[in-house]
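What follows is a set of notes on a single structure, which appears directly below.
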Amino acid sequence: MPDPGGVLVLDGYWNKSVSAVRSLGRHGLRVGVGECTRFATAFFSKYCSRRFVHPSPAAEPDAFIDALERELSSGRYDVVMPMEFRTQRLVTANRERLSRLARIPFADPEVADRLNDKGCVAAEAARLGIACPATFFPASPEEALALSRRLSYPVVVKPRSSSGGRGIRKADSPAGFVQAFADVHARHPAPIVQEFIPAGGDALGVAVLMNPASQARAALAYRRLREYPITGGPGTLRESIDDARLCETAARLLAAMGWSGPAMVEFKVDPRDGLPKLLEVNPRFWGSLSHGVTCGVDFPVMLYRMAMEGDIPEVAPCRAGIRSRSLLHGDLMHFLSSPGRFRMNPGLLDFSVPDDLLSWDDPLPAFGRVASLLALAGNREFREAMAG
């Protein structure tokens with residue numbers, strides 16, 4: 001019987017890692033999972049054939065790479081798939097050392113760093129004529145003070161490299177802006193400043209897979225119907241949409257910046273003019289990865305095939321209106337935070353919508369999520385590593 005092929009999925013703590021493990025396993029591949037704690041959610045999946053506990057990539061990067069090299073030397077794996085940006089960057093930075101042992105289907109760290117930098121992305125979008133919020137680049141608190149008199153408020157101060165809304169501050173006045181900039185600058189030097197897009201427009205995302213020649217091979221556009229935090233954050237309920245123009249815009253930006261591999265491009269519709277404005281790019285696997293699988297756009301399997309075959313044919317868009325959600329802990333937290341919690345549609349206990357984690361076919365990761373949260377609460381080093 002031929003070897004089905006093996007994949008090592010790293011960052012097994014996250015729900016998106018469970019989605020990748022299930023998807024690859026259901027396609028007959030052997031899947032190992034790596035994480036720096038034994039209480040990793042993806043370890044509990046029936047599709048996880050091997051558990052690889054390793055040093056923390058954040059706290060002990062050299063020891064992590066040494067351990068990863070030993071694990072890959074076993075010959076069990078054809079492809080390694082880091083799921084988090086920091087791990088991905090560390091693996092690709094050691095490509096010369098690791099690529100003789102397994103394929104690493106992600107762009108080099110220099111390209112990833114540019115795409116992860118909100119300032120670089122905004123500048124490239126402006127060059128390409130892609131709509132984005134008005135953006136300013138003060139390099140110091142002194143420059144921010146001079147800028148404060150020329151801004152229209154409110155504005156937001158954003159770290160150049162962050163995710164999930166971490167470190168972002170909103171300011172409604174010149175004095176508030178100067179203080180917000182100083183606070184963010186102290187932790188994240190030279191943050192960018194952008195006009196605030198008011199509430200009322202859809203939060204949109206485009207998940208894209210780019211081949212080694214920076215050509216799009218798959219794109220999935222969706223809107224966030226619910227988020228947590230409810231003021232704006234990761235989607236807890238999403239719905240696919242038919243928007244070829246938005247997909248083309250996302251792919252054009254990624255191609256211009258030389259990306260290959262999976263990425264998520266985020267937009268916000270500006271209710272003042274109805275235009276989707278580019279917010280940021282996540283040059284990695286994204287939190288709602290399972291939504292693509294639910295929609296029939298199976299990014300983990302496509303990435304595996306691309307790594308093994310060099311390229312794949314372009315995938316046709318999925319139909320609009322397909323929904324998925326993340327109950328644990330996303331939609332649950334949205335429910336607890338929302339004043340309209342009892343008017344949610346679908347309701348919290350409506351299990352007709354496919355879930356990121358809950359599965360009759362593979363039920364144990366839901367229990368693993370609870371165990372992983374307990375591990376997170378009891379381990380300070382792991383909490384700091386997870387927080388980035």
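Could you check region 263-275 and list, in sequence order, the residues that are touching a strand residue (DSSP E or B) at 6+ places or on another chain (Cβ under 8 Å) and over 18 Å from Pro234 (Cβ atoms)? Asp270, Leu275, listed by residue number. Residue count for region 335-356, restricted to those that are surrounded by 16 or more Cβ atoms within 10 Å (Cβ to Cβ), aromatic (Phe, Trp, Tyr) and more than 21 Å from Gly232 (Cβ to Cβ): 0. Scanning region 212-233 for residues that are surrounded by fewer than 20 Cβ atoms within 10 Å (Cβ to Cβ) and assigned to a loop (DSSP other than H, G, I, E, B) turns up Pro212, Ala213, Ser214, Gln215, Pro229, Ile230, Thr231, Gly232, Gly233.
Every residue, every condition in (1) more than 30 Å from Pro354 (Cβ to Cβ); (2) within 21 Å of the chain's Cα centre (by Cα), yes or no:
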| residue | (1), (2) |
| --- | --- |
| Leu147 | yes, no |
| Gln179 | yes, no |
| Ala182 | yes, no |
| Arg187 | yes, no |
| Pro191 | yes, yes |
| Ala216 | no, yes |
| Tyr228 | no, yes |
| Arg238 | no, yes |
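Entry remark, region 304-328: residues being more than 22 Å from the chain's Cα centre (by Cα), modelled with pLDDT under 95 and not aliphatic (A, V, I, L, M) number 1 in total.
Count of region 81-109 residues, restricted to those that are touching a Ser or Thr at 6+ places or on another chain (Cβ under 9 Å) and surrounded by fewer than 16 Cβ atoms within 10 Å (Cβ to Cβ), is 1.
Counting the residues of region 329-342 that are over 18 Å from the mean Cα position of the chain (by Cα) and assigned to a helix (DSSP H, G or I) gives 8. Selection of first residues in region 33-59 that are in contact (Cβ under 8 Å) with a residue 40 or more places away in the chain and of second residues that are outside any loop (DSSP other than H, G, I, E, B) and among the polar types (S, T, N, Q), restricted to Cβ pairs under 6 Å at least 6 apart or on distinct chains, gives the following pairs, ordered by first then second residue: Phe39/Ser372; Thr41/Ser372; Ala42/Ser17; Pro57/Thr87.
The values are calculated or read from the model by the stated rules, or taken from the named source; none is laboratory data. Predicted model, so just to flag it, every value in this text is computed and none were measured. Using ideal geometry, Cβ is built from the backbone for each residue, glycine included, and neighbour counts are taken over all protein chains shown.
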